[in-house]
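We did not get these values from a lab; they are worked out from the coordinates using the rules stated. As the structure is a computational prediction, the values presented were derived from the model and not from experiment. Please note: Cβ atoms are built from the backbone with ideal geometry, for glycine as well, and neighbour counts cover all protein chains shown.
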Amino acid sequence: MPGQALPGFREFYPEETALRSHIFKVWRDVAARYGFDEYDGPPLEPLELYTAKSGEEIVDQLYAFHDKAGRAVALRPEMTPTLARMVAARAQALKKPIRWFSIPQLFRYERQQRGRLREHFQLNMDLIGEPGPLADAEIIAAAIDVQRGLGFGPDDVRVRIADRRVVYALLVHAGVADDAMGTTYTVLDKFEREPRKKLHDRLTAAGLESAVADRALAVGAIRDRATLSTALGELAAGPDVGDDLFACMDALDAMGLGEFADIDLSIVRGLAYYTGIVFEVFDAPRSLRAICGGGRYDGLLKALGGVDLPATGFGMGDVVLSELVRARATRDHTGPRLDTFLIAVTAEDVAPVLELGHVMRDAGRSVEFALKAQSMGKQLKLAAARGARRAVIVGPDERAAGAAIVRDLDAGTEERVAFERLKQ
RNA sequence: GUGGCUGUAGCUCAAUUGGUUAGAGCGCCGGACUGUGGCUCCGGAGGUUGCGGGUUCAAUUCCCGUCAGCCACCCCA
């Protein structure tokens, strides 16, 4: 045995490649329907592209090394810094809002687990230059339409939506001090994975008073508009901080996608750079990791050394999505069928079969034939195993008549067809 | 990076209290079948029992290490 692939790296056998291609096709179809243009960048980038904003500690999460010229480089773990650089370089010339998407293969040096590898493909869709909630709704709608395109409905996948500004305002109102805000976000992020008491303990351990912790957890428990409206109504600053979130939900309703979306204030997203509406897509039973995560990141592009443009977008990986598609078997994602399997009855029929086969291939058909002398039974067996639609049999009798036997392998019916017709 | 669980054929799994040549189904190859596939029957290939060491007369079985997978933590692309 020549060993095996590195841990966390996949080999794609034809069946898996077919599934991947299917997912990529849905991704590109949806992106195109939303008017997004595809871009790409280098898979290997200067290390400082990632350490600049995330700090040195990110290095042990990366595939980072020195190239032969001594440059510190890293396999890209995310696409946003590259996107920021590319947009910045042409910011003046690009018509806003910018709608761009990409399907990069990303790398992270982490211990792998189910649904989480050291390499994956990720659909990135970003809408840059528009700060309003309709841009967020557009991005979320695209994420939902990918699910629909893969055959999933509201009973299969759910989108959970929150707004960082709303969560922040409510937490401030609950009495959470600014210096405890980060910890509180982390705790809210674990809202459904840990018992309430443990979450409470974490908050008090972070210095929150018990009553404040209770109020903070009550914020994370908000799951519907009515409760959110009530909570917002108590704010001294006024309830308008929730306007964008409500507008976004309204837009999704208007698009007919409201059935997929839930308000969920425990969604905060770990990353500090999110500034507004944030969302995650999960399988409905929540048995797998997140399918997709994203949100608004106004300010990030500027912080990355680029231009000061508002932006919203998401990343959707292929690993969890593949598992879901496979598990639900929502669609046959095998490749296109073989059109014709040519059968040579005797050795003298091989050359005519080669000629006919190549003419048919030139005409655009997919054609195979046995690569060694075999009985017709064997050849038909191979044709069936290859999934061919039809077998075209060429023997001495057929050559004499100038017409081959065309056998429909699904129906089992046969008919004689002139060679000239087969070549068309 | 830390901890727990698990590693037998390509896949799913067997193998008495540690016992002599590690089995089965599916899949794969060949034959029955030299002018008609799917079915059936027969045969075959394929294992350093993840790897290394230890205990023992004897290890797939017990112990240690290591690697890999899964789970939790960390982190969340």
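How much of the DSSP beta bridge set in segment A:340-422 is antiparallel, as a percent to the nearest 5? Could the numbers behind the result be given before it?
Details: 9 of 17 bridges.
Once the DSSP bridges in segment A:340-422 are tallied, antiparallel ones form about 55 percent.
In 10 Å bins starting at 0, how do the alpha-carbon pair distances of segment A:340-422 split up by percent?
Each 10 Å bin holds this share of Cα pairs: 20, 58, 22.
Run the dipole for segment A:340-422 about the Cα centre, Lys and Arg Cβ at +1, Asp and Glu Cβ at -1, nothing else charged, and hand back the magnitude in debye, nearest 20. Each step should come with its number before you reach the end.
On the way: 12 positive and 12 negative charges, 65 e Å.
Dipole magnitude for segment A:340-422 comes out near 320 debye.
Per residue of chain A, what 222 nm ellipticity follows from adding -39500 (n - 2.57) for every DSSP H run with n ≥ 4, rounded to the nearest 500?
Numbers: 16 runs with 165 residues, N = 424.
The helix-only estimate for chain A comes to -11500 deg cm²/dmol at 222 nm.
Tally Lys and Arg at +1 and Asp and Glu at -1 over the other residues with C-beta under 11 Å from the C-beta of A:S287: what net charge comes out?
+1
Note down the Stokes-Einstein diffusion coefficient of chain A in µm²/s, whole number, using a Kirkwood radius over alpha carbon pairs, 37 °C, and 0.692 mPa s. Could you put the intermediate results ahead of the total?
On the way: Rh = 25.2 Å.
Once the numbers are plugged in, D ends up at 130 µm²/s.
Which whole-number percent is the relative contact order of segment A:340-422 (Cα, under 8 Å, 6+ apart)? Intermediate values should be presented prior to the final figure.
Working: 121 pairs, mean separation 26.4, N = 83.
It rounds to 32 percent for segment A:340-422.
Would you calculate the separation in nanometres between label points at A:V59 and A:K378, each defined as 7 Å from the Cα along the Cα-to-beta-carbon direction?
6.2 nm
Which distance in nm do the two modelled labels at A:A205 and A:R193 give, with both placed 7 Å along the Cα-to-Cβ direction?
So the label points at A:A205 and A:R193 sit 1.5 nm apart.
Return the inverse of the average 1/r over all pairs of distinct C-alpha atoms in segment A:74-204, which is the Kirkwood hydrodynamic radius, in Å to one decimal.
Working: mean 1/r = 0.0544 Å⁻¹.
Here the Kirkwood hydrodynamic radius works out to 18.4 Å.
If you take every residue apart from A:A221 with its C-beta less than 12 Å away from the C-beta of A:A221, what net charge results, scoring Lys and Arg +1 and Asp and Glu -1? Kindly include the intermediate steps, with their values, before the conclusion.
Values: positive: A:R196, A:R215, A:R223; negative: A:E192, A:D214, A:D224, A:D264.
Summing Lys/Arg as +1 and Asp/Glu as -1 gives -1.
Relative contact order of segment A:183-268, please, whole-number percent, based on alpha carbon pairs below 8 angstrom and at least 6 residues apart. Present the calculation step by step, with values, prior to reporting the outcome.
Numbers: 62 pairs, mean separation 32.3, N = 86.
The value is 38 percent.
Between A:R337 and A:A401, what FRET efficiency comes out of the Förster formula 1/(1 + (r/R0)^6) with R0 = 35 Å and r the beta carbon distance, rounded to 0.05?
Step by step, r from the Cβ atoms, then E = 0.80.
Compute the acute angle (0 to 90°) between the alpha-carbon long axis of helix A:318-328 and the principal axis of greatest extent of the alpha-carbon atoms of chain A; round to the nearest 10°.
The answer is roughly 70 degrees.
Taking just the C-alpha trace of segment A:187-277, give me its Rg and Dmax in Å.
Every Cα atom of segment A:187-277 included, Rg and Dmax give 14.7, 44 Å.
Express in % the proportion of alpha carbon pairs of segment A:253-405 at distances exceeding 25 Å. If you can, show how the numbers build up before the last one.
On the way: 6765 of 11628 pairs.
Roughly 58 percent, rounded to a whole number.
Just the Cα atoms of segment A:1-112, one point each, no solvent: what log10 I(q)/I(0) does Debye give at q = 0.13, 0.22, 0.24 Å⁻¹?
The calculated log intensity ratios at q = 0.13, 0.22, 0.24 Å⁻¹ are -0.69, -1.24, -1.29.
Averaging sequence separations of C-alpha pairs under 8 Å and six or more residues apart, then dividing by the length of chain A, give the relative contact order as a whole percent. Show your work: numbers first, answer last.
Working: 704 pairs, mean separation 67.4, N = 424.
Taking the mean separation of contacting Cα pairs over the length of chain A, I get 16 percent.
Given charges of +1 on the Cβ of Lys and Arg and -1 on the Cβ of Asp and Glu, with all other atoms neutral, how large is the dipole of chain A about its Cα centre, in debye to the nearest 20?
Result for chain A is approximately 1020 debye, rounded to the nearest 20.
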